[in-house]
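Here the structure is laid out as structure tokens; the discussion comes afterwards.
The values are calculated or read from the model by the stated rules, or taken from the named source; none is laboratory data. On a predicted model such as this, the values are computed, not experimentally measured, just so you know. Side chains are part of the model used for accessible areas, which takes the heavy atoms of the whole protein and leaves out ligands, DNA and RNA. Shrake-Rupley method; radii C 1.70, N 1.55, O 1.52, S 1.80 Å.
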Amino acid sequence: MPKPYTPNDAWSRKAAAEGYRARSVYKLQELDQKFGLLKKGITVLDLGAAPGSWLQYTRKKIGSGGTCIGIDLQKIAPIDGVDLLYRADITDMDAIRKILTHANRRTVDVVLSDLAPNTSGIKDVDQWKSIELSEAVVAIAEEFLKPNGWCVLKVLRGADFDDFYRTLKAQWKNIKLQHAKASRDRSREIYIVMRKSERGNAVTR
Ligand SMILES: C[S@@+](CC[C@H](N)C(=O)[O-])C[C@H]1O[C@@H](n2cnc3c(N)ncnc32)[C@H](O)[C@@H]1O
């Protein structure tokens, strides 16, 4: 039987004690420690950023010389040192272009996505929505990520996952699947961590 949902688990208590807005911060921390994603002074685009724990962590890691841009359908409450918070649908490419123009950035060093669709409770529908969001993230990374830049995206595993991953694998230089310890036991979520080629395009062969 799956474990019942309990918002007051050890990760949530740790997040609250350390001043983070969500337990998902420890997923990013684990990925960052493993892949060395976040360096001082870089520009990071966080898609699906509310309530903001990944932005809080990123801000600390990139320092005051770096830039965080957070986008979500929901309003993100102000975060110290993060001025670029936007409310938008990340599947709207025109909106993303306008945001980056407003943020005065033509490219970014890292694209992060912890996007989660509004769940319908129907497993296949939710998984398909997650793939749709992931395809939008990949399109954003193709257009705005710098050469050698990292892209991290969360996907729900399911019927369409293997095809989606196979296509990405044919296009991206460095690509890995990573479970995060802070993901719930019953969760189907997995992170794809991939790096653009040195020449600046995702396609390497
Ligand atoms: C799991 S939460 C992200 C948590 C965040 N990483 C943090 O640490 O605080 C997923 C977010 O994806 C957002 N989202 C879902 N679909 C979206 C879309 N099409 N455009 C923008 N944000 C979206 C949701 O509003 C939600 O806030």
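Over segment 24-195, give the accessible area per residue in Å² for a 1.4 Å probe, as an integer.
Result: 47 Å² of accessible area for each residue.
At 222 nm, what value in deg cm²/dmol follows for the chain if DSSP H runs of at least 4 each add -39500 (n - 2.57) and the sum is divided by all its residues, to the nearest 500?
-11000 deg cm²/dmol
Determine the share of the chain's accessible area contributed by carbon and sulfur atoms, expressed in whole percent, with a 1.4 angstrom probe.
50
Taking only the alpha-carbon positions of the chain and ignoring solvent, what does the Debye formula give for the base-10 log of I(q)/I(0) at q = 0.08, 0.17 Å⁻¹?
Debye curve over Cα of the chain, log10 I(q)/I(0) at q = 0.08, 0.17 Å⁻¹: -0.25, -1.24.
Going by a ≥ b ≥ c, the root eigenvalues of the Cα gyration tensor, does segment 62-176 fall in the rounded group (a/c under 1.5), the prolate group (a/b larger than b/c) or the oblate group?
oblate
What is the extension gain from A116 to N148, computed as 0.36 nm multiplied by their sequence separation minus the C-alpha to C-alpha distance, in nm to one decimal?
Additional length available on full extension: 8.9 nm.
Expressed as a rounded percentage, what relative contact order does segment 24-195 have, with Cα pairs under 8 Å and six or more residues apart?
Across segment 24-195, relative contact order equals 20 percent.
For K173, list the lysines whose Cα falls under 16 Å from its own Cα; do not include residues on the same chain fewer than 8 positions away.
Those lysines meeting the cut-off are K146, K196.
Starting from the Cα of K14, draw a straight line to each of the lysines and keep only those under 26 Å, dropping any in the same chain fewer than 8 residues away.
K3, K27, K34, K39, K40, K60, K61, K75, K154, K181
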